[in-house]
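Written below as structure tokens is the structure these notes are about.
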């Protein structure tokens, strides 16, 4: 079939294109803009390929990997086909769109592997070049970045004039970029490290679709139909009515600073056109713009649930994993204390995992060490999604307290072989420190006033006491905007998440 197409490609193909151009509404059939040269298709699941063009009732076929599937263009000018599930393949093959016996479009070097969608704000968008600038050891990582089986598709679409309207397709066609020393500088550093780590372990192609957008709140990434709780419905109602002052003052509300911050706006522009694309899972790094000056981080975990479950509904895969990054330390931001606790509590959402970063050094809102964070994110996915490794792949998470007189005994999940005091050296390397005890612990009595406490490790528990408190009620750890020296780890070398056992006593507002 392919040979026949090549030999007859000339005169008849030109005549066919002329026919398409002659009609007032006809255009040559094409693939949707998410597809391009070097694209990664999701393995082990039926593969949907779609596009638009030409008139209704025209029959097309899509050819790939010895498979050929036909489709008829609908009255709306759109078409789609479903290829059977294919195993992972690093072989670059051609994806062809055929009308009759003529090749209308073809995409080169198409591989089959795992595709992850990366979303969030500027720490997800933060590029490899920024990591190199702020972290000298990243030069070595870039020097080994000729990994063509890792491929990126950056999405830069602007929001529509009516942010409530969904785009049918991405605004521009574009090639996927294979990773190389020359191409990687502009990639999301976090996603690039993650993808390379996963590829090196699995030896299959890994694709990243990056829809991140700096400085934007979580509400912009949530499908509008997922604003289903009373609070979320109120947020949409006030935003649509331009009652922005009332929206800002709402418990768990939102500051809308631009069209890109409106509910659903980024989802509609950058994610809705991808809802049929096969994915292995989601990566998420965001919360800064829900916990900054004047912003209210309360209820953030419920917004995360709406977002994750809304994404899963759109992709029609209720089990798609979502792995996310908890915010690091940032001295000016009291709101980050509360939003980190909201992120910890979001672990109750099924099939999610969280990377803790309070121990990762770096000044400013964009810590450059995305090597440590990306590797932790990959370890999480490799264990939870791919079943590789049996050791702990995330840090201790608060699981309850037991009060015995003056002592509060704290229990954790993800303890593995036990707790330890540790020190992060570089690029994720953690060593045990035996000369100091766990820091950043506080206790509160019935008055709700927090006082510095002393903690010691006893097996899988932590015992916390404070001289000034005879009858403790609550305990918290690392609840400070920038808890420098937070040092509680499990023995696998992963840091404990900050926690507070009394949420009502945790500060949340950064004054504007």
(request) Taking residue 120 as meeting all but one of (1) closer than 28 Å to residue 270 by Cβ; (2) surrounded by fewer than 18 Cβ atoms within 10 Å (Cβ to Cβ); (3) touching a strand residue (DSSP E or B) at 6+ places or on another chain (Cβ under 9 Å), write down the number of the exception. (result) (2)
(message) Six or more apart or on different chains, Cβ atoms under 8 Å: show the pairs whose first residue is in the range 395-423 and on the phi > 0 side of the Ramachandran plot and whose second is part of a loop (DSSP other than H, G, I, E, B) and surrounded by fewer than 19 Cβ atoms within 10 Å (Cβ to Cβ).
(response) 416/391; 416/491; 418/459; 418/460; 418/491
(request) Sort through 411, 343 and tell me the only one that's modelled with pLDDT of 95 or more and either surrounded by 18 or more Cβ atoms within 10 Å (Cβ to Cβ) or assigned by TED's automatic domain parsing to the domain that holds residue 126 (or both). (result) 343
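Which residue is surrounded by the most Cβ atoms within 10 Å (Cβ to Cβ), if the candidates are limited to the range 206-225 and must be assigned to a loop (DSSP other than H, G, I, E, B) and touching a strand residue (DSSP E or B) at 6+ places or on another chain (Cβ under 7 Å)?
Residue satisfying both the conditions and the ranking: 212.
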(request) Name every residue in the range 77-110 that is surrounded by fewer than 19 Cβ atoms within 10 Å (Cβ to Cβ), more than 29 Å from the chain's Cα centre (by Cα) and under 16 Å from residue 52 (Cβ atoms), in order of residue number. (result) 77, 78, 105
(request) Output the residues belonging to the range 136-162 that are surrounded by fewer than 22 Cβ atoms within 10 Å (Cβ to Cβ) and either touching a helix residue (DSSP H, G or I) at 6+ places or on another chain (Cβ under 7 Å) or within 15 Å of residue 269 (Cβ to Cβ) (or both). (result) 139, 141, 142, 145, 147, 154, 156, 157, 158, 160, 161, 162
(request) Tell me, please, whether a residue that is under 23 Å from residue 357 (Cβ atoms), touching a residue at least 24 places away in the same chain (Cβ under 8 Å) and either buried (at least 16 other Cβ atoms within 10 Å of the Cβ) or assigned by TED's automatic domain parsing to the domain that holds residue 279 (or both) can be found in the range 171-178. (result) no
(request) State whether one or more residues within the range 140-148 are under 20 Å from residue 65 (Cβ atoms), in the same structural domain as residue 280 (by TED's automatic domain parsing) and either touching a strand residue (DSSP E or B) at 6+ places or on another chain (Cβ under 7 Å) or at pLDDT below 95 (or both). (result) yes
(message) Please verify whether residue 280 is buried (at least 22 other Cβ atoms within 10 Å of the Cβ), out of contact with any helix residue (DSSP H, G or I) (no Cβ under 8 Å at 6 or more places or on another chain) and modelled with pLDDT of 95 or more, treating the condition exactly as stated.
(response) yes
(request) Check off (1) outside any helix (DSSP H, G or I); (2) touching a strand residue (DSSP E or B) at 6+ places or on another chain (Cβ under 6 Å) for residue 195 and give me the number that stays unchecked. (result) (1)
(request) Among the residues of the range 229-258, write down those that are closer than 23 Å to residue 271 by Cα and touching a helix residue (DSSP H, G or I) at 6+ places or on another chain (Cβ under 7 Å). (result) 229, 232, 235, 236, 239, 254, 255, 256
(message) Quick check on the range 123-139: of everything there that is out of contact with any strand residue (DSSP E or B) (no Cβ under 8 Å at 6 or more places or on another chain) and part of a loop (DSSP other than H, G, I, E, B), which residue is nearest to residue 196 (Cα to Cα)?
(response) 137
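Quick check on the range 335-374: of everything there that is in a loop (DSSP other than H, G, I, E, B) and farther than 26 Å from residue 509 by Cβ, which residue is farthest from the chain's Cα centre (by Cα)? So that I can check it myself, show each step before the final result.
First, pick out the residues of the range 335-374 that are in a loop (DSSP other than H, G, I, E, B): 349-351, 356-369.
Still in the running and farther than 26 Å from residue 509 by Cβ: 350-351, 361, 368-369.
Numbers: 350: 16, 351: 13, 361: 21, 368: 18, 369: 17 Å.
Top of the filtered list is 361.
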(request) Just give me the residues in the range 437-452 being more than 30 Å from residue 193 (Cβ to Cβ) and touching a residue at least 40 places away in the same chain (Cβ under 8 Å), in sequence order. (result) 444, 448, 450
(message) For the range 479-507, which positions are touching a helix residue (DSSP H, G or I) at 6+ places or on another chain (Cβ under 8 Å) and surrounded by fewer than 20 Cβ atoms within 10 Å (Cβ to Cβ)?
(response) 480, 481, 503, 507
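When you look at residue 113, is it within 20 Å of residue 276 (Cβ to Cβ), buried (at least 17 other Cβ atoms within 10 Å of the Cβ) and modelled with pLDDT under 95, yes or no?
No: the conditions fail for residue 113.
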(request) Among the strands (runs of 3 or more DSSP E) lying completely within the range 41-82, list those that include at least 2 residues that are without any contact (Cβ under 8 Å) to a residue 40 or more places away in the chain. (result) 59-64, 67-72
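The values are calculated or read from the model by the stated rules, or taken from the named source; none is laboratory data. Values in this document were obtained by computation on a predicted structure and should not be read as measured data. Here the Cβ is made from the backbone with ideal geometry for all residues, glycine too, and neighbour counts use every protein chain on show.
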